[in-house]
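The values are calculated or read from the model by the stated rules, or taken from the named source; none is laboratory data. Since the model is a prediction, treat every value here as computed from it, not as a measurement. Positions of Cβ are backbone-derived with ideal geometry, glycine not excepted, and every protein chain shown enters the neighbour counts.
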Amino acid sequence: MTIAAHGGRLVDRQVGAREVERRDAELADLPKLRPFGDDVYDAEKIGTGAYSPLEGFMGRNDLDSVLATSHLPNGLPWTMPILLTPSGAENEAVVKALKPGDAAALLDAKGSFFALLHLEEKFQPDKGRLAQATYGTTDPQHPNVGDLATTGGTALAGKIDLIRRLELPTGASELTPAQTRAEFERRGWRHVAAYQCRNPPHTAHEYIQRLTLEREDVDGLFIHPVVGRLKKGDYRPDVILEAYKVLVDHYYPPQRVMLTAFSIAMRYAGPKAALFLAIVRKNFGCDTYIVGRDQAGVGKYYDPYACHKIFDEFPIEIRPLRYEETFFCRTCGWMASSKVCAHPVADRLDTSQTRIRKALTEGQAPPKEILRPEVFAILSRPNVVLTD
């Protein structure tokens, strides 16, 4: 039996096919909102239970509690605001006219109905406080802090009914938490380790994945790349998925590893994002979570190992597997960390994405010791990095 969802119950706000037919006519007459893309993804994740115990977008009390204590008002650890803040001229009049008790139809990027909002509250969040409490900075150069300038000034709180699942821009398949739990059970996996990623795999990633698979208390590895909106300079989501697919297909036993996409916008909030991403994977049925160095970090905003320490401060019933920075040691002849290798720094090959991108930009192949040739073949193509 897999781990219980966060809060003890897996939320399901999805509407059945017959109800969809009935509501199509209803939705046509409702006020319509076209949220920012990040909010569209979040609405779907609320509906499928990925954000359990949330059943809708946060209200003022929820937000204040999360910002002040990193807990929901019911005492459950939770570190990331989940807000609906529509912006733009097409939304402005609708937001102003809506009042608690109203319903509004949410539109996806193509302008199709996909969810229903039951408005309970409208309020104006303090964006400066939100930035400082969540990301530890108000610096607009931080990608998520910079995004706050483009969001609306009014937050709409209330429960969500998910009318239709979204189409992924990568064309990849995505499973709901209920579906992954069913698949884990079908495979006989009781103890599943989740691997969060937003970059293509190099051998340091592979090393800690293999160390995890070697454990007797891990039945399977769930590789779950974020394929929603990433920041400029990150690899395109479809590239990340393709790179992981060749790794899984060519180097891992299929009965031990499962790869599927996860469409949310990346939160670059260091330790708070690491805890949030672990909570989400708990909802997908994982009882173990791999935490590498500087997970969900960006720039120099966070202590690289703060993402390890936060799991001691906020126990969430999921077991963190903490891994230090790994590298290829020329003398050892394989991947290692400072825990198992005593050779000098000069013997180490850095596996950072910065080094790999620099080599690719210069038309050079990174050393095979740090990047599989099948992955290199994908990353050496033109236009693999996001430019805006």
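The table below gives the values:
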| quantity | calculated |
| --- | --- |
| Residue within region 266-277 that is modelled with pLDDT under 95 and part of a strand (DSSP E or B) present | no |
| Odd one out for residue 352, checked against (1) surrounded by fewer than 18 Cβ atoms within 10 Å (Cβ to Cβ); (2) under 20 Å from residue 247 (Cα atoms); (3) touching a residue at least 60 places away in the same chain (Cβ under 8 Å); (4) within 21 Å of the chain's Cα centre (by Cα) | (3) |
| Selection within region 327-344 - part of a strand (DSSP E or B) and either among the small types (Gly, Ala, Ser) or touching a Lys or Arg at 6+ places or on another chain (Cβ under 8 Å) (or both) | 327, 328, 329, 336, 337 |
| Selection status of residue 304, under 24 Å from residue 336 (Cα atoms), of a type outside the set (A, V, I, L, M, F, W, C) and assigned to a loop (DSSP other than H, G, I, E, B) | yes |
| Residue in region 236-243 that is of a type in the set (Lys, Arg), assigned to a helix (DSSP H, G or I) and at negative phi present | no |
| Qualifying position, being assigned to a loop (DSSP other than H, G, I, E, B) and either touching a Gly at 6+ places or on another chain (Cβ under 8 Å) or under 19 Å from residue 209 (Cβ atoms) (or both), among 324, 317 | 324 |
| Count of residues meeting criterion [modelled with pLDDT of 95 or more and either on the phi > 0 side of the Ramachandran plot or of a type outside the set (A, V, I, L, M, F, W, C) (or both)] in region 40-62 | 15 |
| Filter pass, residue 126 being surrounded by 18 or more Cβ atoms within 10 Å (Cβ to Cβ), of a type in the set (D, E, K, R) and either modelled with pLDDT under 95 or farther than 18 Å from residue 54 by Cβ (or both) | no |
| Any hit, region 65-85, residues being under 30 Å from residue 27 (Cβ atoms) and more than 23 Å from the chain's Cα centre (by Cα) | no |
| Residue within region 248-260 that is within 25 Å of residue 372 (Cα to Cα), of a type in the set (Asp, Glu) and part of a helix (DSSP H, G or I) present | yes |
| Members of region 169-224 found to be under 23 Å from residue 326 (Cβ atoms), at pLDDT below 95 and under 16 Å from the mean Cα position of the chain (by Cα), listed by number | 197, 198, 199, 200 |
| Tabulated pairs, region 82-106, first within 20 Å of residue 62 (Cβ to Cβ), second part of a helix (DSSP H, G or I) and among the aromatic types (Phe, Trp, Tyr), C-beta under 6 angstrom, 6+ apart or interchain | none |
| Selection status of residue 166, out of contact with any Gly (no Cβ under 8 Å at 6 or more places or on another chain), closer than 30 Å to residue 35 by Cβ and in contact (Cβ under 8 Å) with a residue 24 or more places away in the chain | yes |
| Subset of region 216-227 that is in a loop (DSSP other than H, G, I, E, B) and either aromatic (Phe, Trp, Tyr) or in contact (Cβ under 8 Å) with a residue 12 or more places away in the chain (or both) - its residue that is nearest to residue 352 (Cα to Cα) | 227 |
| Qualifying position, being of a type in the set (S, T, N, Q), closer than 28 Å to residue 227 by Cβ, exposed (fewer than 15 other Cβ atoms within 10 Å of the Cβ) and without any contact (Cβ under 8 Å) to a residue 60 or more places away in the chain, among 361, 331, 387 | 361 |
| Some residue of region 281-298 being assigned to a helix (DSSP H, G or I) and over 15 Å from the mean Cα position of the chain (by Cα) | no |
| Failed criterion for residue 336 (all others in (1) modelled with pLDDT under 95; (2) within 21 Å of the chain's Cα centre (by Cα); (3) of a type in the set (Gly, Ala, Ser) hold) | (2) |
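Matching residues to (1) over 30 Å from residue 108 (Cβ atoms); (2) part of a loop (DSSP other than H, G, I, E, B); (3) out of contact with any strand residue (DSSP E or B) (no Cβ under 6 Å at 6 or more places or on another chain):
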site	(1), (2), (3)
138	yes, yes, yes
144	no, no, yes
151	no, yes, yes
185	yes, no, yes
193	yes, no, no
210	yes, no, yes
229	no, yes, yes
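Let's see how each residue does on (1) in a strand (DSSP E or B); (2) in contact with an Asp or Glu (Cβ under 7 Å, 6 or more places away or on another chain); (3) at positive phi:
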{"site": "82", "(1), (2), (3)": "no, yes, no"}
{"site": "86", "(1), (2), (3)": "no, no, no"}
{"site": "91", "(1), (2), (3)": "no, no, no"}
{"site": "100", "(1), (2), (3)": "no, yes, no"}
{"site": "104", "(1), (2), (3)": "yes, no, no"}
{"site": "110", "(1), (2), (3)": "no, no, no"}
{"site": "118", "(1), (2), (3)": "yes, no, no"}
{"site": "121", "(1), (2), (3)": "yes, no, no"}
